[in-house]
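All remarks here apply to the structure that follows.
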Amino acid sequence: MQARLTGDAVFLATQRCRNAVQDMDWDHDDVARLIRALTSQDYRNSEWCESSGGVITDADVYMLYYDPIDQCRGDRARHRRYYVKFGFRPNDHRLMVMVFSCHLSL
């Protein structure tokens, strides 16, 4: 699933997330590429999240160093760290990825 993720399956689930993605000058495909770059080593924790529409789902938090120019994993010395929190829309046969946060990590 992760390797085939495209922007068409990404749903920015909160206004705050939509604003952060827009502030980075990214689109849904950029978010999908970031998620495709994740490995299990990037996992931080899980938590319940609520979308702007009131859908509550479990989500996983990941952080990784990422190169947005080459659209691949980066390294600590040259790239910024990104924070992304997402889960899967419950009972959705399309396996839509609900992204609750996607931004540069502080």
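Bear in mind these aren't lab numbers, they're just calculated from the coordinates by the rules spelled out. For clarity, every value in this text was computed on a predicted model and none was experimentally measured. Cβ: placed from backbone, ideal geometry, glycine included. Neighbour counts: every protein chain shown.
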In whole Hz and in residue order, list the ³J(HN,Hα) couplings for segment 32-38 that follow from phi through the Karplus curve 6.51 cos²θ - 1.76 cosθ + 1.60, θ = phi - 60°; x for Gly and Pro. 4, 5, 4, 5, 4, 7, 5
When the Cα atoms of the chain are enclosed in a convex hull and the volume is divided per residue, what value in Å³ results? 99
Non-local residues with an amide H under 5 Å from the amide H of Arg81, with H modelled 1.01 Å from N and Pro and chain starts lacking one, are Ser105
What whole-number volume per residue, in cubic angstrom, does the convex hull of the C-alpha atoms of segment 1-52 give? 99
Is there a quick way to get the dipole size of the chain? I mean about its Cα centre, with the Cβ of Lys and Arg at +1 and of Asp and Glu at -1; what is the value in debye to the nearest 20? 200
